[in-house]
Every structure is written in structure tokens, then in C-alpha cells.
Amino acid sequence: MLCRRHHRAVHEEGYGLDRQPDGELRFRRPDGRPLPDVPRPPEAPDDSVTLLRARHEAQGLRLNAHTATPGWLGEPLDVGWAIDVLHPLAG
């Protein structure tokens, strides 16, 4: 059974599919060319969080609940200052 998007692609957009003798489905583009198989995702280690934390620590990264909190307090942008900083030939 196909999801709504893929059901519509088959019935309204010209895509096709065939069931192979082994039960696998093969999808075709509207021009008849087969769609390539999608590779399997890489294996993830059981302790991936521990490994990632160790890698971050080795790099000196300290991630916590406030890491993505912006420091902007809502003040208006000083466009002149921004141009001076971002464009080395300005000024």
C-alpha cells in the first residue's frame, strides 16, 4: 500500500511500479526508466550518544540546554556597523 503522495504519483503523474518475482517493488519514472534503489542507512553503534559526547569533549565543545540560545536582546541592527564589519573595503 502506498502513501497518498506516492499513490498519486503512480495514478496521476505517470510513475509506475512492478512487483518482482521475489516480492520486491521496482518503481519507474514516467519515461520508463527505473528509479534507483535507495541505499540502506549506515549502521549506528549502540552507544552513539556516548561516542558523540566523547568526541565533543575531545574537541573542547561544551553543549548544554543553552547552547542554541541567542544572545540578541532585540535591539535594532546598526546597519553602518554591520557593513563596516562585513565588508572590508567599506568605510
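The values are calculated or read from the model by the stated rules, or taken from the named source; none is laboratory data. What you are looking at is a predicted structure, and each value in this text was computed from that prediction instead of being measured. Methodologically, a virtual Cβ is constructed for each residue, glycine included, from the backbone with ideal geometry; neighbour enumeration extends over all protein chains shown.
Here is how the numbers come out for the structure above:
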| read-out | value |
| --- | --- |
| Failed item in (1) part of a loop (DSSP other than H, G, I, E, B); (2) touching a strand residue (DSSP E or B) at 6+ places or on another chain (Cβ under 9 Å); (3) at pLDDT below 90, with His6 passing the rest | (1) |
| Qualifying residue in segment 64-78 (condition: hydroxyl-bearing (Ser, Thr, Tyr) and surrounded by 10 or more Cβ atoms within 10 Å (Cβ to Cβ)) | no |
| Count - residues of segment 9-58 that are among the charged types (D, E, K, R) and assigned to a loop (DSSP other than H, G, I, E, B) | 11 |
